[in-house]
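A quick write-up on the structure given underneath.
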Amino acid sequence: MEDEVEAKFLGGSPSVQQGAEQEHASGLSVALKLLSAGPVVILIVLLVILTLSVPNFFTPRNISNILAQIAVIAVVALGQHLVILTRGIDLSVGANLALATVLGALMFRVTDNAFIVMGTMLLAGAAVGAVNGLVYVYGRLPHPFIITLATLSIARGLALELSIGHTTMRGMPATITAIGGGTSYGVPNSFFVVLAVAALVFVIARYVVWGRWIYAVGGQPDAARRMGIPVNQVLVSTYMMSGLCCGVGAIVLSGRAEAGSPLYGNLLELDTIAAVIIGGASFLGGRGNLGHALVGAVMIGVIRNALNLLNVNLYFQLIAIGVIIVLAVESDVLRNHLESRMRVKQAGALG
Amino acid sequence: MSKPVLEVRGAHKRFGAVHALKGVGFVACRGEVLALLGDNGAGKSTLIKCVSGVHGLDEGDILIEGEKVAIRTPAAARGAGIETVYQDLALFDNLTPAENFYCGRELSFPRWLPRGLRLLASRKMNSEAAAVIDRLKVKLPRFDAQVALMSGGQRQAIAVARAAVFARKVVILDEPTAALGLRESRKVLNLIAQLRDEGNAVILITHNMEHVVELADRAVVLRQGHKVGEIEKPNRSNQQDLVAMIVGAE
Ligand SMILES: Nc1ncnc2c1ncn2[C@@H]1O[C@H](COP(=O)(O)OP(=O)(O)OP(=O)(O)O)[C@@H](O)[C@H]1O
Ligand SMILES: [Mg+2]
């Protein structure tokens, strides 16, 4: 047998092979690349079209508006993305965020110390996340859908109960209103919050052992166990991280509104799951990077904003987002199909 | 036969009503290939999963170099120097070969942090994985692609190479050639021989008598959870005895 080593190390190009088989395979790989670049390309095209066709779209004021509007979706979508990487889902994000703003508002009545109020919101978010993770893992539930659906209901109910009938609980410490509603150099401060959370999640996913474990657990949970990864801890901590992101989202939203409310975060689970999927991550787990969640969040924000500027009513916006989700999921299905075709071709080419 | 590096004594394992192992024992020695044979459902995979820490034994002992060890988790088995190539490979399709090699025992720093919070030493893992791929003469289309995009033989080779990265005492392979064609089987057999020559005790589960005759220094046969026989130096003349033991026709 031929023993020369053909392996190309570290970023090397694929070994050159002759024949139609290989050409076909490279055609597939181009199609695959296009599909994975799809969301970014679509976003750019969308921005160009909207700039040219919608008056007042590409103005500093409106861009700053969009950034502020997407901040909450983006931050929570980043946490949602980690959960989806593990093959899970967090339906409780909206209710979690609402509960956190209510608890924050209640704490503000006790103290106007911004750090204590922020700490309350972060802790509340992480605590709901911990409940999700712990019950899912140690309650041996077949799917996190169930527990996060339950906490969706519980957290929303708690938020309504604790706010004793007030739909808005006015008042937030100045630091929080500055974070949520202020601007620096014309850029909303909340945008910097998104950057900070994105940077953190990026580092975790790329450079930290925990992040590698998240990908491994999502890719092949059974193998992860046999390879000695503490799967249970990874899952619980991931749901806690998603909850923590809800806490951050709560700070941003209650700061912008200068209030807490049990009604905040309505349909946030839809927006964040949509952002992750539209951005091009996979429901099959273990695939995609956080860029997907960000691109998806921006896309949703941009579409909403444009539809607003065009005076399209809210009902149609919901329909539009739903249709886009279906298209995005279909492209994920197509991508997986192409990948398995490609695998077969490669196997053939290498004999 | 040198001093055994792994010994299993009186192993029992039940899954509810199924009594999968009924007092099985065997030894494995360095520099030797032990074939573990038996029909479908005989208990081979169960036995090696107990040794690999996937299942706990209900009764019986596992000894490493003469010392009793408690192997309750896969990590414990690996810590004791036992590497396993599972029947389903247990690869992560979404990761690269190098990421697969180190998954679950990443090289990381700084040491004073809890393992999960440490930073990945990616460059080191990549270069060491590349060295192993090189040493084992495994051919891959590219080293930085997801394992999902590789062929059955390449995936098998990656799983074997992963065991080779960490192999110190025992390497167990559960039907490593079952899904492979002739050429790819040949490559995996060569890898097995290489692991043996590097001083590991190799335990090979297979249904292929040709491979047993070619590679095995000893063969242990299981039938319905019992150990029904052991043959030294399986060869073409005693191959028939082995087959008779496996199927149970005397
Ligand atoms: N996790 C489990 N739960 C219940 N029964 C099991 C489990 N694992 C194995 N068994 C049973 O134990 C017996 C032995 O199975 P095992 O997988 O060890 O066989 P095997 O010798 O590896 O067979 P094959 O050659 O088909 O891989 C079978 O009857 C099987 O159904
Ligand atoms: Mg088996």
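The values are calculated or read from the model by the stated rules, or taken from the named source; none is laboratory data. The shown structure was predicted, so the numbers you read here are calculated from the model rather than taken from an experiment. Note that we place each Cβ from the backbone using ideal geometry, even for glycine, and neighbour counts take in every protein chain shown. Surface areas here come from the heavy atoms of the whole protein model, side chains and all, with no ligands, DNA or RNA. Shrake-Rupley method; radii C 1.70, N 1.55, O 1.52, S 1.80 Å.
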**Cα-only radius of gyration and Dmax that characterise chain B, units Å** = 18.3, 61
**Message:** Using the basic label-point model (7 angstrom from Cα toward the beta carbon), what is the A:L334 to B:H19 distance in nanometres?
**Reply:** 5.9 nm
**Complete:** Between B:D61 and A:T51, the FRET efficiency computed from the C-beta separation at R0 = 60 Å comes out, to the nearest 0.05, as 0.25
**Message:** Given the -39500 (n - 2.57) contribution per DSSP H run of 4+ residues, what per-residue ellipticity at 222 nm results for chain B, rounded to the nearest 500 deg cm²/dmol?
**Reply:** -9500 deg cm²/dmol
**Backbone N within the stretch A:240-255 under 18 Å of label point (7 Å from A:V110 Cα along the Cβ vector)** = A:251
**Asked** Around A:I84, what is the net charge, scoring Lys/Arg as +1 and Asp/Glu as -1 over all other residues with Cβ under 12 Å from its Cβ?
**Response** -1
**Residue-averaged beta-carbon neighbours from other chains (10 angstrom radius) around B:183-194** = 1
**Fill in**
Taking only the alpha-carbon positions of the stretch B:55-168 as identical scatterers, the Debye log10 I(q)/I(0) at q = 0.11, 0.15, 0.17 Å⁻¹ comes out as -0.42, -0.75, -0.91
**Entries of B:K49/B:K227; B:K3/B:K68; A:K33/B:K124 with Cα pairs more than 19 Å apart** = A:K33/B:K124
**Request:** Could you order peptides B:184-196, A:54-66, A:232-244 by the average number of other Cβ atoms within 10 Å of their residues, highest first?
**Result:** A:232-244, B:184-196, A:54-66
**Complete:** Note on the stretch B:29-73: the mean projected area of its alpha-carbon convex hull, in nm², is 3.8 nm²
**Förster radius 30 Å - calculated FRET efficiency between B:N190 and B:H226, Cβ distance, rounded to 0.05** = 0.35
**Calculated on alpha-carbon atoms, Rg and Dmax of the stretch B:4-114 in Å** = 15.9, 49
**Complete:** Within 10 Å of the Cβ of an average residue in B:84-91, the count of other chain Cβ atoms is 3
**Complete:** Taking Cα atoms only, Rg over Rh for the protein assembly as shown with Rh from the Kirkwood formula is 1.06
**Per-residue average of Cβ from other chains inside 10 Å of B:101-108** = 5
**Request:** Mind jotting down a quarter of the surface of the convex hull over the alpha carbons of the stretch A:69-296, in square nanometres, one decimal?
**Result:** 11.6 nm²
**Prompt:** Where does chain A land at 222 nm, in deg cm²/dmol rounded to the nearest 500, when only DSSP H runs of n ≥ 4 count, each adding -39500 (n - 2.57), divided by all residues?
**Reply:** -25500 deg cm²/dmol
**Asked** Within a Cβ distance under 9 Å of B:L63, other residues only, what is the Lys/Arg minus Asp/Glu net charge?
**Response** -2
**Request:** Work out the charge dipole of chain B with +1 on the Cβ of Lys and Arg and -1 on the Cβ of Asp and Glu about the Cα centre, then indicate which of B:G25, B:I82, B:A216 is farthest towards its positive end.
**Result:** B:I82
**Asked** What are the trypsin sites (Lys or Arg not before Pro) within the stretch B:13-80 that DSSP puts in a loop, where the Cβ has at most 16 other Cβ atoms within 10 Å?
**Response** B:R72
**Message:** Counting only protein heavy atoms and a 1.4 Å probe, tell me what percentage of chain A's accessible area is made up of carbon and sulfur.
**Reply:** 68 percent
**Prompt:** A:I44 to A:T167: extension gain in nm, 0.36 nm per residue of separation minus the Cα-Cα distance?
**Reply:** 40.4 nm
**Request:** Starting from the stretch B:209-247, pick out the trypsin sites (Lys or Arg not before Pro) whose DSSP state is loop and whose Cβ has at most 14 other Cβ atoms within 10 Å.
**Result:** B:R236
**About the Cα centre, charge dipole magnitude for the protein assembly as shown (Lys/Arg +1, Asp/Glu -1 at Cβ), debye** = 760 debye
**Complete:** So the FRET efficiency between A:S153 and A:V323, C-beta based with R0 = 30 Å and rounded to 0.05, is 0.65
**Prompt:** Summed for both chains, how many Å² of accessible area, to the nearest 100, are buried between B and A with a 1.4 Å probe?
**Reply:** 4000 Å²
**Asked** From the Cα gyration tensor of the stretch A:213-336, with a ≥ b ≥ c the square roots of its eigenvalues, which class applies: rounded if a/c is under 1.5, or else prolate if a/b is larger than b/c, or else oblate?
**Response** oblate
**Complete:** Once Lys and Arg are counted +1 and Asp and Glu -1 for all other residues with Cβ under 11 Å from that of A:V231, the total becomes +1
**Prompt:** Once fully extended, how much extra length lies between A:V30 and A:Y315, figured as 0.36 nm per residue of separation less the alpha-carbon to alpha-carbon distance?
**Reply:** 98.8 nm
